[in-house]
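Worksheet for the structure shown next.
No lab work stands behind these numbers, since they all come straight from the coordinates. Bear in mind that the values here come from a model prediction, so they are computed numbers and not experimental data. All Cβ positions, even for glycine, are placed from backbone atoms using ideal geometry, and neighbour counts span all protein chains on display.
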Amino acid sequence: MTDAMVADKEYVPGLGTSGRIDTWRHWSRWRRGMFSGRWYFKLFNFLAGLAALAMACLGMWGAGKTIRMTFVRANATTSFGCNPPV
C-alpha cells in the first residue's frame, strides 16, 4: 500500500483535495504497488495465497467425495438423490 502511495501528494486536512494523482482503477498505481519496493516479498505472498486457495479447494472437494462415498457404502438415504426416504 505504501509503495503505491509514493507518487501522491501529502494529505492536508481542510484543503478539499486528496492529492492523489491516480486511483486504484489506474494501471500506474497497481504497477507502483506491485513492482516497486520489495517485489520478491509481494510475489511470495501472492504465490502463498494461490497455494492456500488451491489447498482449500482440494479440501472441499475431498470432503465432498468422502461424504458421498460414506453414504454409498452405508446404503443410507442421502441428500444427493430425489427419492423419498420412506
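Remarks
- Hz values of 3J(HN,Hα) by residue in region 46-58 - Karplus curve (6.51, -1.76, 1.60), Gly and Pro given as x: 5, 5, 5, x, 5, 5, 5, 5, 5, 5, 5, 5, 5
- Label sites at LEU15 and MET55, each approximated as a point 7 angstrom past Cα along Cα to Cβ, lie 4.5 nm apart.
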